[in-house]
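Written below as structure tokens is the structure these notes are about.
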């Protein structure tokens, strides 16, 4: 599906202009002070294709807090590290519950519903903290490799803020531990988890770093296999059913792409055999998804006819 | 994606042979006597393509009780009849709960999570019972049109059996009515719902009748628009996140196709821009999905590389 | 504990006067039109003692809809009829859930938590409908016997209104039936249940009719055994933990008497070895308990030192 | 109700003999090694009366782990310390859920249902840890005062064992903290809580130490007011609806006394205006209550006619 992206760049710019005032429909995440300070009017969008092109518009090179988008990368690392034994400790079903709910975790005896809810990401954090000598460094190194840039950073301010407001995540982790489904000490698990969430990247970096999901597991820039084709498939499936919090069904219904959002305002969408779209705008809708981010990806998917359900 | 299906017919036969004994891993639905009597060793498979070809193997022309597969057809009729106002009364999110659970319905104040769980299908039944002078005849007529056959029937024995064991569905319906989300009288709603479930069709008929979902809403046999392209997309999205009961996530993870199963042992899978697969074998796994049906569709999807997540 | 109630009559009048305006703190039940029409300013109170005295103040002889207070009488009839086998179909634990919740009933597989929540009372109604040739007549006859008056009536207007708004109770009943815990047809069960609720009695009649609970099962007026001493004990225990909806714990905490309320505005409290208090005022607090009814019983219990927890 | 307890002593011995083999119906708590090691055949019983008599049988002077019986004492200290403001942070309704459930705590936004479930006791522990310079010493000192003995101890072995297996309690505490309902640091809260649970006392000591609840708040040995008469009433009310875990309703139904059990095998029952019974035998029924403990108290209450519901 090789195509010239020159026209697309102008199109992106036009779509972004249309969203100019829409960010005011949302509300910047304020559960931690570090996120609440972000300028709500910033927005950016980028598209990376598996043939190596990358275009963008707006603040597409400005780093932002990737937050829950990091759950994808943690999952890849854990799948690579312990293989299918992972799925004995975590499920891959959509949850039908708020992303940070503790009720379902209790019902299902400490087995998280999927890796995209907080309980699941904490379990993944436990796998990494237990299997790497320094899981935080390993994670950062993995992100830099995928983004092709040493500029990928941890925002210490965000990290400290997360840690100071992490009581619910601690509750989820201790509950799983009470069921015997966490190996490491909880402070290590939380420290890894909040480190992941505190990585900052730009739209361009994120779009590029996820190309392997659109390319059967292979990074088109380095030709290295980031994961197996089968696992790329599986991750896209999980993103399709569970990537957009409690709006995942609606996003599939109206857009039709594997996607993941973060409360920092980023949204990524994978277009199999084509590329990755990343949009960013801090204000969130009531589900915790970026208002403008969803609008932009909806417009792009419709304009280019990218849905996987047609 | 025009292709010659001659080779495929042999392949289907081979895959079916491999499943010869696998049905013994499952258990025929026994919540109603009429279903429990079916010969568990029967099995069939058919593939219909949007260019008008149709192939099959085994008992691919034997009618069976379509059960919950009928939820797709009821949904199409309701979407056509009342348009987007439907989505004020029902959601499109995966449920994360057993298909006949009443708990989530109470939490969400009588708004069903999606049209593929029982509560959702009962709400659809209410829409149809309220908007057609004879919704049951209209449904049967719609099914015959799609299957291109007047031979599609209601199994009265199954219908009576369902009605006699329909207390849980009655509870769901009365609960929705207590929230003001059901218009018709409950006995009419249940009568429509159990009529839908009691339709019998063969693998060939089902595969053909759902081609519009793989073909942007258009029936390739008659060139008539069964629904809009947008609604075909939406239904495929719902089937992808919610079509396989509480195994929907796993099915997406391992197969990657919009699909729907019924406790009669049928499973259908939509392959956008290609066609529809229907497999049938009565014994079910603990999720209520046909053991052999899932195996066959998994094999076919893998053999032909049909997943939408690659 | 023989005592002269002359002084008490004046005390009652004084307490009632203090409550003169307090009914405005509550809201008359409006889920059915027939109850919403009641004059909110009416109020009455009566005390009957096991030595045969009875005093009252205000509208203590005005009949009102006893509603859920009827659950006590239904329970007595069912205990007398089928003995301890009743407790295989219903529990005696407090519920910790709203009185008409369907969630706990699902969790506990159709076994109601106790006879004072709606699900439990519907199960009792099933026992009666299944074991009496005419359970509604039997119930009315039982009430007239206990009240010592043929004037006890069914309010047909309330009955029809209940029936027309009984969808949630129908849902509870069908759910229990789906678990095999209801024998009779649901319409019979609901008809009995709503008949019970639609009985009208005055404060004086209610207080007198429940004296057996304060008197080890024996009606002091007739010296007949209404139930065994053991069962009187058991019913008082159930009323103590579960009689005041989701305010039962608070009522025990602050008053300390076995009690039962109804959405008609009545509240009864049993004082073992002394007598029964009945207060009535239609406006309800958010828990569904009469504001003035609770105030009056609280004052009387404190004034006379009646709590069972001292 | 002054009476000679000489005959009663023989009666106690006889009742105990009847229970000789009954402990085999239960199972010693094994969630921590320190409790699992206790000799299951030990049993004791004591009755202390408000007129200063105390009798017992069996191992009535052997110290055992009081576990959840400590919740009563913590509650008294917290009520005395912060008064009625306590009830803005905790409710007094029965829970209808397992004692260590996290689901209800989430539903009710971090407000525990009552002080007898674990979440409630952890909240009480937070009050004490936040309001005493050394809450653990204060607690131990309070226990020694009530028991009239400096021999009351903390079992360090049990304490360490609890701490090592305290993940679920940590989850409850962090969840409450996420709702802003815990002030102190979680490790301090847990440390206080497990210290409380690890106190060891004998039947005689426990019976004597709780006499103030049967005596309108006053310790009959010292004539000091341990709490107000009103608060003694309130605590008895809470024990009546919520003291015996998920068997509280049944205990009220069949015995009819305010009571509290612990997984160490102790059970105490308050008889207002008479005294306190304490029975001990380690093996527990499925609800976590001592099999023999319940049997003994049931027999004594029946023999002496002690129920508050008659």
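Observations
- From least to most packed, judged by other beta carbons within 10 angstrom and beginning with the fewest, D:82, D:182 follow the order D:82, D:182.
- Just checking the listed ones, C:52, C:26, C:288: in the Gaussian network model of chain C with Cα springs under 10 Å, the one fluctuating most is C:52.
- Separation in nanometres of the label points that stand 7 Å from Cα toward Cβ, at residue A:273 and residue C:61: 8.9
- Alpha carbon convex hull of the protein assembly as shown, projected area averaged over orientations, nm²: 49.2
- Estimated Rh, the stretch C:11-82: Kirkwood, alpha-carbon pairs, angstrom: 14.8
- Cα gyration tensor shape of the stretch A:63-108, rounded if a/c is under 1.5, else prolate or oblate by comparing a/b with b/c: oblate
- Principal-axis tilt of helix C:118-131 within chain C, Cα atoms, nearest 10 degrees: 70
- Taking the longest Cα principal axis of chain B as reference, the axis of helix B:70-82 is set at about 60 degrees.
- Exam field: residue D:304 pseudo-label spacings to other copies (7 Å along Cα-Cβ), nanometres: 2.7, 8.1, 8.2
- Modelled spin-label separation between residue D:20 and residue C:82, with each label point placed 7 Å from Cα along the Cα-to-Cβ direction: 4.1 nm.
- Once the Cβ-Cβ distance of residue B:41 and residue B:6 is raised to the sixth power relative to R0 = 22 Å, the FRET efficiency obtained is 0.20.
- Which of B:287, D:193 has the fewest Cβ neighbours within 10 Å, and the rest in rising order: B:287, D:193
- Nearest chain A C-beta to the A/C rotation axis, reported as residue and distance in angstrom, is A:107, 5.
- Once Rg and the Kirkwood radius are both taken over the C-alpha atoms of the stretch D:68-197, their ratio Rg/Rh works out to 0.95.
- Using alpha-carbon coordinates, inclination of helix C:186-197 to the longest axis of chain C, degrees: 0
- Computed from the C-alpha gyration tensor, the three semi-axes of the ellipsoid equivalent to chain C are 29, 21, 18 Å, from longest to shortest.
- Overall form of the stretch B:182-293 per C-alpha gyration tensor (a/c, 1.5; a/b vs b/c): rounded
- In terms of its C-alpha gyration tensor, the stretch B:90-131 has a prolate overall shape, because the principal axis ratio a/c (a ≥ b ≥ c, square roots of the eigenvalues) is not below 1.5 and a/b outweighs b/c.
- Put in line by how crowded their Cβ is, counting other Cβ atoms within 10 Å and starting with the fewest, D:10, C:93 read D:10, C:93.
- Nm distances between copies for residue A:81, ranked from closest, using label points 7 Å along Cα→Cβ: 4.1, 5.4, 6.4
- Helix content alone sets the calculated 222 nm mean residue ellipticity of chain B: runs of n ≥ 4 DSSP H residues at -39500 (n - 2.57) each, divided across all residues, give -13500 deg cm²/dmol.
- For the stretch A:87-164 and the stretch C:181-216, distance of Cα centres in Å: 56
- With the label put 7 angstrom out from Cα along the Cα-to-Cβ vector, residue A:38 ends up 5.0, 5.4, 5.6 nm from the copy partners, going from closest to farthest.
- Relative contact order of chain C: 26 percent, from C-alpha pairs under 8 Å at least 6 residues apart in sequence.
- Rh (Kirkwood; distinct C-alpha pairs) - the stretch C:50-138, Å: 14.8
We did not get these values from a lab; they are worked out from the coordinates using the rules stated. What you see is a predicted model; the values in this text were computed from it and never measured. As a convention, Cβ positions derive from the backbone with ideal geometry for all residues, glycine included, and neighbour counts pool all protein chains shown.
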